[in-house]
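The structure appears below as structure tokens.
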Amino acid sequence: MLEEIRRSLLSEARLSPQLLSDLAGLESYVAESYDSRSFIELLQNADDAVSSSFLVKKFRKYLIIANNGNVFTKLDLEAIRRSAASNKQRGDSIGYRGIGFKSVVGLAQEVHIISGELETTFSKKLTLTDVPDATKVPLLRIPHP
């Protein structure tokens, strides 16, 4: 699942590095708009995943945020890397706009997601290596192994 999504996104980004740069600007705007809500957004995501436990812990230079909710599906991974592409319906869950997770961009240089069998990293540095023609890149767009 991850490699298929990654290949598709890298192909798209390499064909249109300017679009990738535009998405970076949109992501920055959303992150700034939701800056003071980052932890609330993550707690709401945990609630939407039917979690009964939520952890926030600082370990050395890392911030670990975890819950025991439902594991990520392919649709969930696609929603994280797209803007306003939530698979949640208004009234059925708290987070339905598809932009709340973007608030972590203000907290992190890299995001590592571990959920069930899924393990992936989002990193501007790794994305710039893969798409060198882009002037800037979003953090939460291309998943890396």
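The values are calculated or read from the model by the stated rules, or taken from the named source; none is laboratory data. From a predicted model like this one, the values you see are computed outputs, not experimental measurements. Because the Cβ atoms are built from the backbone with ideal geometry, glycine has one as well, and the counts that use them run over all protein chains shown. Side chains included, ligands, DNA and RNA excluded: accessible areas come from the protein's heavy atoms. Shrake-Rupley method; radii C 1.70, N 1.55, O 1.52, S 1.80 Å.
Descriptive notes on the structure:
- Magnitude of the charge dipole, the chain, Cβ model with Lys/Arg +1 and Asp/Glu -1, debye to 20: 320
- Heavy-atom accessible surface of the chain: percent carbon and sulfur, 1.4 Å: 52
- Expressed as a fraction of 2.2 N^0.38 Å, the C-alpha radius of gyration for the chain is 1.01.
- Report note on the peptides 106-119, 131-144: ranked by the mean count of other C-beta atoms within 10 Å, highest first, their order is 131-144, 106-119.
- Between the residues LEU19, VAL50, ALA31, the greatest Cα displacement towards the positive end of the dipole of the range 11-52, with unit charges on the Cβ of Lys, Arg, Asp and Glu, is found for LEU19.
- Across the range 26-87, the mean sequence separation of Cα contacts (distance under 8 Å, 6 or more residues apart), normalised by length, yields a relative contact order of 23 percent.
- Solvent-accessible area per residue for the chain (1.4 angstrom probe, square angstrom): 61
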